[in-house]
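A.B. asks: I'd like to ask you about the structure that follows.
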Amino acid sequence: MDRASPHRVFVALGSNLGDREQHLKEASSQIALLAECEGFRCSSVYETDPMGPKDQPDYLNAVGQFTYAGTARQLLEELQNIERAHGRVKATARWTARPLDLDIVLFGDQRIDEHDLQIPHIGLAERSFVIWPLIELQPDLNIPGLGPVELLAKKCQKFGITRYKGAAK
């Protein structure tokens, strides 16, 4: 594996099937254990309305931040392996329910536009479930091609998003 210069990376984590909280916890641990990952930390977890069809369970969402010494393509493959280990099956329809969804939101200052990898992630500016955790992790973040995350937050409605308090004990 070619060792690339380390990049500051942000990955969105989401789950709306099964034990949503457990999927996010396990995925966070699995990402933190990747050979090229260093310094993983995660935002608070937020509960959000689903995008697309409303006849599915609400999501739990968070964003992880870390340094990654591999390439964006390598990270994508590793994240897809983690998704599959959690029972994720790629559907042809968009915005379907899933046990785990992992998306590379930012990969350093890179801008990538390939058929299966877009960085910054498409729609990032309209997704409160990504913007609010990003602000929590790094309020002064500047997103390539989009600008400061705090400015994006002012334009992004905070609809259907609440900080998740966890399962009742």
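A.B. asks: In segment 20-40, what count of residues is obtained for those that are assigned to a strand (DSSP E or B), surrounded by fewer than 21 Cβ atoms within 10 Å (Cβ to Cβ) and in contact with a helix residue (DSSP H, G or I) (Cβ under 7 Å, 6 or more places away or on another chain)?
C.D. replies: Residues that pass the stated criteria total 1.
A.B. asks: Which of the residues spanning segment 132-165 are of a type outside the set (A, V, I, L, M) and part of a loop (DSSP other than H, G, I, E, B)?
C.D. replies: Start the filter on segment 132-165 by keeping residues that are of a type outside the set (A, V, I, L, M), which leaves 132-133, 136, 138-140, 142, 144-145, 147-148, 150, 154-160, 162-165.
Listed by number, the residues that qualify are GLN138, PRO139, ASP140, PRO144, GLY145, CYS156, GLN157, LYS158, PHE159, GLY160, TYR164, LYS165.
A.B. asks: Another one. State all residues of segment 41-61 that are surrounded by 19 or more Cβ atoms within 10 Å (Cβ to Cβ) and of a type in the set (A, V, I, L, M, F, W, C); if no residue qualifies, say none.
C.D. replies: Listed by number, the residues that qualify are CYS42, VAL45, LEU60.
A.B. asks: Still on this structure, I have one more. Output yes when any residue across segment 66-84 is closer than 20 Å to THR162 by Cα and either touching a helix residue (DSSP H, G or I) at 6+ places or on another chain (Cβ under 7 Å) or in a strand (DSSP E or B) (or both), and no when none is.
C.D. replies: No, segment 66-84 contains no residue that is closer than 20 Å to THR162 by Cα and either touching a helix residue (DSSP H, G or I) at 6+ places or on another chain (Cβ under 7 Å) or in a strand (DSSP E or B) (or both).
A.B. asks: Let me ask you something else. How many of the residues in segment 3-37 are more than 23 Å from ARG111 (Cβ to Cβ), over 17 Å from the mean Cα position of the chain (by Cα) and not hydrophobic (A, V, I, L, M, F, W, C)?
C.D. replies: Selection size over segment 3-37: 2.
A.B. asks: Out of all the residues in segment 104-113, is one or more in a helix (DSSP H, G or I), crowded, with 19+ Cβ neighbours inside 10 Å and touching a residue at least 40 places away in the same chain (Cβ under 8 Å)?
C.D. replies: Checked segment 104-113: no residue is in a helix (DSSP H, G or I), crowded, with 19+ Cβ neighbours inside 10 Å and touching a residue at least 40 places away in the same chain (Cβ under 8 Å).
A.B. asks: Now, a different point. Which condition does LYS25 not pass, out of (1) charged (D, E, K, R); (2) closer than 19 Å to GLY123 by Cβ; (3) at pLDDT 95 or above, if it passes all the others?
C.D. replies: The single condition LYS25 does not satisfy is (2).
The values are calculated or read from the model by the stated rules, or taken from the named source; none is laboratory data. These figures come from a predicted structure and were not determined experimentally. Cβ atoms come from the backbone with ideal geometry, glycine included; neighbour counts cover every protein chain shown.
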